[in-house]
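Here's the structure we're looking at; comments come further down.
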Amino acid sequence: MMERYLALPRKLFSSLILLACFPLPVFAQAGTLAGRVTDPQGNALPGAAVQLLARDPSGSSKVSGQTASGPDGRFELEVDSGGTFTVKVEAEGFQPVVLQVKVHSGNNSEINVSMSQLSTRIERVTVTADINETDVLSPDPGEKVFVRQDLLDANPGRPGAPVSIPGYPIETASSGIKAPQYFAPGVAGDHGEPIAQYIAVGTYMVPNNLSANAHGNGYADPNIFIPEVLESVQVDGGAFNVREGNHAVNLAATYGLRSRLDPFITLTGDYRDLDLVAGFSPTPESWVAFAASYGNGFLDRLEHRQQYKFNGERLFHVGQHRLTLFGIGYYGFSYVPGLVPIFALNSADANFHNYGDTIDPRQKDQTHTALIAANDVWQISGSQQLQLSGFFRTYNLSLFSDFGQGLIRQSEFRTVAGGSTNYVNKLAEYFSLLGGFDYEREAPRRDDLDHYGVFNPSAPAYYGPFTPIDGNNVTIGSVTPYLAGEGALSRYFRYYLGWRREEIDFDNDELLHPQNSFQKWVGVNSPKATVSFLPKESWYAPLLSLSFGQAFFTEDPRIGTGTTAGTPVATSHSYQLVASKTVHKTDVRLTLGHVTSSAELAKIDPDTGLQFDQGPSRLRFMVIAVRRNFSLGTLQASFSKADARDLDSGDPTPEAPRTIFDTMGTIQKLPFKLQARGEFEYVATKPLGTGCLPILSNECTGTPVKEFRGALVRPFVNGRVEAGVNFLIASGYTGQTTENFYPSDIQEVVGVRIPSYASASLTYRFGRFAGP
C-alpha cells in the first residue's frame, strides 16, 4: 500500500499533503455532532473539554454546546440546526485544537480530533491514570511520563538512557554505548529480557528488543533515541496486552514520539564531555533531529567516547489514510570502564588496588544500528480502523570486556524485519473487537564469543593465546495471530479478554561445533484478561483493575560449550491489582503483582560459554505512588518492595532490587525566573548469589545506590534562550554482580563506581518561538 502512495505523481502528492495541512470542513449529522479525541499515538484521550461555538449576527462566538470526552475518547453534542460551527477541544498537557465543522443532514462520519502537539510548558507524571482511560488497543492501567524538552534525563548532560522513569532505576555500566537497562522491583533485568520495549510509530508498536544478543538473551536498547524527540514513555504490566509479545514478562515500556519540533540547538558540556543536539520541523507534520557526543567520562580510565544519532519522522494524510514514516541512525564507540572489587575480603584483593577504577584498560565497545518503520492507519469509518505496518533494522556489536577471567570478545551483525496488521471495530459501547497478525524475523550472524587469556598488568598489550569459545548463525522467526475484545459490562465495570498465539522457529547453526546445530518450532499461547471497576468520583471507593496474563521471552538458543539444546522459550504467569484514588487533589496509586516463571537452561556464561540453570522463580511486589500538582510545580514519590526467589532452592534471585524509593519534584517559578527539577533515587542492597568470603554459603551482597539528579534552568529573550546547570550527586556502584579473578575461585562483589559531576547547557530556539 505504501508503494502505491509513493508512486503518485509528485504534483498530485504535494497537493494532497498541502491540503492536509489546512482545516477542511468536516461533515456530521444534523441534530447530533459525534466524534473521538485521541493523543498523538491514536489512543483514546478521555476528559478532554469539547465546546461547540456558533457565530451570532454580530460576528462574535457563543457557546452552543459543551461536553467532555468519555473513557474511550468519544463525545456527542446536540446541534439545534445545520450550518458552520467551530469545535474547540482542550486537554491537559496539549495545545488546544480548533476545527471548522459544517453540519449537514444525512448520514455523515463522526469527526476525529487528534491532540497532536504538547503544551510548551508541559511537565507532569501521571501515576494514577489510565484505569478509566483504557480501550481495546491499550487495556492496561499504566504510568505515563510526559517528557518536556528539558526534563531530567537518566544522566543529565551524558549519553545513556534518554529518560528517567520514576521508580525504575537505570544501570549504565559502560558509558551509555552498550544498551542501558531499566530495572523493575524484584526483576534482575539481565540484558533486559523481562522488560519489553516498543517505539510508537503512529499506532504501530515497533519492537525495540534484540533477542539472542551476543551478550546473552537480548537487549532492550533505549540509547538509540535523542531525548528531545520523545513525547512520552508509558509503562504498564506487559503481560496483559495481546499487542505486547516477546520479552513482556514483567513490564512493557512504549516510547511515544513528538509530532513536531520547534527549531532548537542545545550545547551541553563540562571539563571532560561535550554534547550537541539540534532539531527542527521542515513541515508542520515532520521533524528531524541530530546529536553528536564526545567525552572521556569521570573515571580515571579515559573513555574517548563518540556517539552520533539521527532521528526523523514524517506524517502524511491521503484520503482516509494516515501514513507515518520513522527512521533512526546510530553509531557509538568507547573505551569501557571496568568492574572493580567493591570490598577487600581477602588478601589477594590487594593486587586489584593498582588497577584504579578499571581492571583492564583494553576494554572497548563499538555498536551501530539503523532502523526504518512505516505505519498506515486506514480510517474505514468512524468505528472501523485498519492498520498496516512494517520495519527493517540492522545492528552491529563488537565488545571487548574483562570480567576477571581475562579479556573476552563478543561480536555480531544482525538484520531484523517485521510486519503487522490489525483491525479495530467498535461495534457498541459494550464490545470493541481487535484482530491482528504479527511477523518478525531476527538473524544474528557471526554471533561470536572469543577468549583472549588473563590480563597481565606488566604487559597490557599482550592478549595471550586466542581461544574461540562459540560461533553461531542464529535465526529466530515468529508468526503471531491475536484476538481481543473490550467493552463495558455495566456503567461501572469494563472488561478486556485477549488471546495471542506464537509460532516461533529457532534455527541455530553452530559454526564451531556443527554437531550441536538444530532447528525447532515452538508454540506458545498467551491468554490475557482485565476487569476494571470505575466508580463515580463522589464515591469513596477507588478505581480498581485486576489483570491476568501469560507472557514469554525467547531464550538464547546457542549451546556454547554445553552438551544439549537449552530451553527455547521461558514463560511466566502474571497477576496484577491496581487501585487508584484522588484524595484532596493528591493522586494515590497502589500496585500489587505476583509473577511465576518457568525453569530454564539457556543462560550462557560470558567467560566460559557454559550454560547454567535458572528458576523456576516467583516474584511478589508492591508499589505505592503518590502525586500532587501545585500552582508552582509538581511533587511525586513512589516506594516499591519486592520478594523474588528460586522456588526450588528458596534462594533470592541474584541482582534483583528488593527496595526502590524515588521522589521527584519540579518548581516552575523561583526568584530571578529560575526553574528547578530534581529526582532522588534509592536502591537498597541487592543479593548477588553465594561464594564470597568469609562464609562461602552466605549470600553475597553489594552496596546501596543513592543518586540525586537535579537541574536549574533560566529562560532568556522571551524563552528563546535557556541556560541551565545539570548535576548528579551519587553514592554506590552500578552493574553490581559477582566475579572471580584468575586464578582464584572465590567470588568477589564487583561494580562500576558511579561518579558525581555537574554540567552546563545552553539552548537556543529558532523561528517564531514566543516562549511560555
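Quick look at the numbers
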quantity: Gain in span if fully extended, Arg441 to Asp509, counting 0.36 nm per residue against the direct Cα distance; calculated: 22.9 nm
quantity: Value in Å of the Kirkwood radius, where region 390-514 supplies the Cα pairs that are averaged; calculated: 18.6
quantity: Efficiency of FRET between Gln100 and Asn718 - r from beta-carbon atoms, R0 35 angstrom, step 0.05; calculated: 0.70
quantity: Per residue Cα convex hull volume in Å³ - calculated over region 511-589; calculated: 126
quantity: Estimated FRET transfer efficiency when R0 is 45 angstrom, pair Ser517-Ala758 (beta carbons, to 0.05); calculated: 0.25
quantity: Of Lys178/Lys686; Lys102/Lys536; Lys426/Lys520; Lys520/Lys686, pairs whose Cα-Cα distance is over 29 Å; calculated: Lys102/Lys536; Lys426/Lys520; Lys520/Lys686
quantity: Measure of compaction for region 455-541 (Cα Rg per 2.2 N^0.38 Å); calculated: 2.19
quantity: Selection of chymotrypsin sites (Phe, Trp or Tyr not before Pro), region 481-510, meeting DSSP coil and at most 13 other Cβ within 10 Å; calculated: Tyr492
quantity: Under 20 Å from the Cα of Lys309 - aspartates and glutamates, other chains or at least 8 residues apart; calculated: Asp150, Asp153, Asp221, Glu228, Glu231, Asp262, Asp273, Asp275, Asp365
quantity: Karplus-derived 3J(HN,Hα), 6.51/-1.76/1.60, for each residue of region 644-649, Hz, glycine and proline x; calculated: 10, 7, 6, 6, 6, 8
quantity: By accessible area with a 1.4 Å probe, ligands and nucleic acids excluded, highest first: order of Ile342, Ile111; calculated: Ile342, Ile111
quantity: Accessible carbon and sulfur surface of region 616-772 relative to its total accessible area, %, 1.4 Å; calculated: 62
quantity: Measure of compaction for the chain (Cα Rg per 2.2 N^0.38 Å); calculated: 0.97
quantity: Residue-wise HN-Hα coupling along region 740-748, computed from phi with Karplus coefficients 6.51, -1.76, 1.60 (Hz; x: Gly, Pro); calculated: 10, 9, 3, x, 6, 9, 7, 6, 10
quantity: Cα-based helix-to-principal-axis angle, 10-20 vs the chain, degrees rounded to 10; calculated: 70
quantity: Relative contact order (percent, whole number), the chain, Cα cutoff 8 Å, 6+ residue spacing; calculated: 10
quantity: Longest DSSP-loop-exposure-free segment, trypsin sites (Lys or Arg not before Pro), the chain, at most 13 other Cβ within 10 Å; calculated: 122-490
quantity: More than 16 angstrom apart: percent of Cα pairs within region 556-673; calculated: 72
quantity: Cβ-Cβ FRET estimate between Ser649 and Phe413, R0 fixed at 35 Å, reported to 0.05; calculated: 0.35
quantity: Cα pair distances of region 356-441 binned at 5 Å [whole percent]; calculated: 3, 11, 15, 11, 10, 9, 9, 8, 7, 6, 5, 4, 2, 0
quantity: Relative compactness, region 604-656, computed as alpha-carbon Rg over 2.2 N^0.38 Å; calculated: 1.90
quantity: At most 15 other Cβ within 10 Å, DSSP loop - chymotrypsin sites (Phe, Trp or Tyr not before Pro), region 214-287; calculated: Tyr271
quantity: Volume in Å³ per residue [convex hull over Cα atoms, computed for region 624-762]; calculated: 137
quantity: Per-selection Rg to Rh, region 676-745 - Cα, Kirkwood hydrodynamic radius; calculated: 1.31
quantity: The chain - accessible surface per residue (Å², probe 1.4 Å); calculated: 40
quantity: Debye intensity ratio in log₁₀ form over the Cα atoms of region 570-633, taken at each q of 0.14, 0.22, 0.23 Å⁻¹; calculated: -0.63, -0.91, -0.94
quantity: Per-residue HN-Hα couplings for region 714-727 [Karplus 6.51, -1.76, 1.60; θ = phi - 60°; Hz; x = Gly/Pro]; calculated: 9, x, 9, 6, 6, x, 5, 10, 9, 10, x, 10, 10, 8
quantity: Solvent exposure ordering (accessible area, 1.4 Å, most first) of Leu534, Leu210; calculated: Leu534, Leu210
quantity: Accessible area in the full protein assembly, largest first, 1.4 Å probe, for Ile624, Ile170; calculated: Ile624, Ile170
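The values are calculated or read from the model by the stated rules, or taken from the named source; none is laboratory data. Everything numeric in this text was worked out from a predicted model, so none of it was measured. Cβ coordinates were reconstructed from backbone atoms using ideal geometry, including for glycine residues, and neighbour counts include every protein chain displayed. Keep in mind that these areas ignore ligands, DNA and RNA; they rest on the heavy atoms of the full protein, side chains included. Shrake-Rupley method; radii C 1.70, N 1.55, O 1.52, S 1.80 Å.
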